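Structure record follows, encoded as structure tokens.
The values are calculated or read from the model by the stated rules, or taken from the named source; none is laboratory data. Nothing here was measured: the structure is a model prediction, and the numbers come from that model. Counting neighbours? That spans all protein chains shown, and the Cβs are built from the backbone with ideal geometry, glycine included. To get the accessible areas, we keep the full protein, side chains included, count just its heavy atoms, and leave off ligands, DNA and RNA. Shrake-Rupley method; radii C 1.70, N 1.55, O 1.52, S 1.80 Å.
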Amino acid sequence: MIIGTILVSVGLEIFLVPNHIIDGGIVGISIILSHLSSFPIGLFLVILNLPFVLLGYKQIGKTFAISTTFSVILMSIGTTLLHPVQAITIDPLLAAVFGGIILGIGVGLVIRSGGSLDGTEIIAILFSKKMPFSVGEIVMFFNLFILGSAGFVFGWDRAMYSLIAYFIAFKMIDITIEGLDQSKSVWIISDEYAKIGDAITSRLGRGVTYLKGEGAYTGDDKKVIFSVITRLEEAKLKSIVDDLDPKAFLAIGNIHDVKGGRFRKKDIH
């Protein structure tokens with residue numbers, strides 16, 4: 001969480017803010033208000049996030065509120081200390097790209113640690129309970145409005161650079177939270193389930209669970225193979241299934257988090 005807030009502070013004060021490029025949410029509003037009033041960004045980060053932290057305490061929990069408060073205060077201190085530091089680049093495109101990357105990694109680390117840096121997410125959670133929109137759609141609406149406001153304050157070219165930075169940061173948050181080595185769930189239905197299961201265990205080094213199934217059309221009993229692999233092992237798994245049963249049913253889906261299990265990963269061969 002500490003490393004994440006430091007990275008966010010660097011992304012803001014060393015790349016985005018000096019080039020008049022903003023992020024979405026409370027951070028973006030704080031940048032605009034700081035520019036208009038000459039007060040430090042850190043002051044607005046604390047003042048604007050505080051009401052949402054209190055809401056989060058009631059709706060999400062004590063641990064989340066404490067973690068978020070700690071992150072926001074540390075980010076406020078970090079942006080204040082780094083404000084006098086000269087920007088690494090004055091090229092707005094480079095600033096948007098690298099600022100977005102650093103910012104996204106930082107936010108992702110904070111979220112993985114159980115905290116948050118943006119009160120708009122809390123508002124979105126509350127609104128989603130009363131409106132027919134998802135949390136992501138509400139956050140996107142807020143951010144489009146905030147990023148659009150940058151056009152009136154900094155100019156429309158900076159608003160477009162802000163959209164680039166926001167998109168890159170959004171993608172980096174996902175990568176940081178989920179990891180590059182993303183896990184995948186595998187479901188296989190085949191009459192050669194024993195051979196395929198043994199091959200996955202011996203050649204991929206992955207644990208296998210056999211589930212009982214029944215064909216809805218035929219009524220026949222079926223064995224369903226379930227396993228969890230990484231993205232890098234997907235091609236090898238498909239090759240194993242094709243070799244042993246080309247007609248097998250194979251479904252692969254993304255998994256955001258994997259925890260537990262007794263099986264220790266072995267080498268692939």
Item to check | 19 Å reach of a label modelled at Lys130, 7 Å along Cα-to-Cβ, counting backbone N of the stretch 53-82 | outcome: 53-61
Checklist entry - Taking each full run of DSSP H in the chain as one helix, which ones are at least 15 Å long along their axis (Cα atoms) and have mean Kyte-Doolittle hydropathy of at least 1.0? => result 25-37, 41-59, 62-82, 92-112, 135-154
Checklist outcome for this item: Given 37 °C, 0.692 mPa s and a Kirkwood radius over Cα pairs, the Stokes-Einstein diffusion coefficient of the stretch 144-231 in µm²/s is 192 µm²/s
Checklist entry - Which is the longest stretch in the chain that no exposed loop site breaks, taking sites as trypsin sites (Lys or Arg not before Pro) with a DSSP loop state and at most 16 other Cβ atoms within 10 Å? => result 1-128
Checklist outcome for this item: Rounded to whole Å, √(5λ) for the Cα gyration tensor eigenvalues of the chain, largest first, gives 46, 20, 17
Item to check | Local electrostatic count at Leu163 - Lys and Arg +1, Asp and Glu -1, tallied over other residues with Cβ under 14 Å | outcome: 0
Checklist entry - Relative to the present Cα-Cα distance, how much length would full extension add between Ile3 and Asp191 at 0.36 nm per residue of separation? => result 62.6 nm
Checklist entry - Just the accessible area per residue of the stretch 188-235, please: how many Å² with a 1.4 Å probe? => result 59 Å²
Checklist entry - Once both labels are modelled 7 Å past Cα along the beta-carbon direction, what's the Thr89-Leu144 spacing in nm? => result 2.9 nm
Item to check | Förster radius 30 Å - calculated FRET efficiency between Ile175 and Leu250, Cβ distance, rounded to 0.05 | outcome: 0.70
Item to check | Estimated translational D of the stretch 20-170 in µm²/s (Stokes, Kirkwood radius over Cα pairs; 20 °C; 1.002 mPa s) | outcome: 136 µm²/s
Checklist entry - Per residue and in Å³, how big is the convex hull formed by the alpha-carbon atoms of the stretch 61-112? => result 73 Å³
Checklist outcome for this item: Rounded to a whole %, the carbon-and-sulfur portion of the accessible area of the chain at a 1.4 Å probe is 64 percent
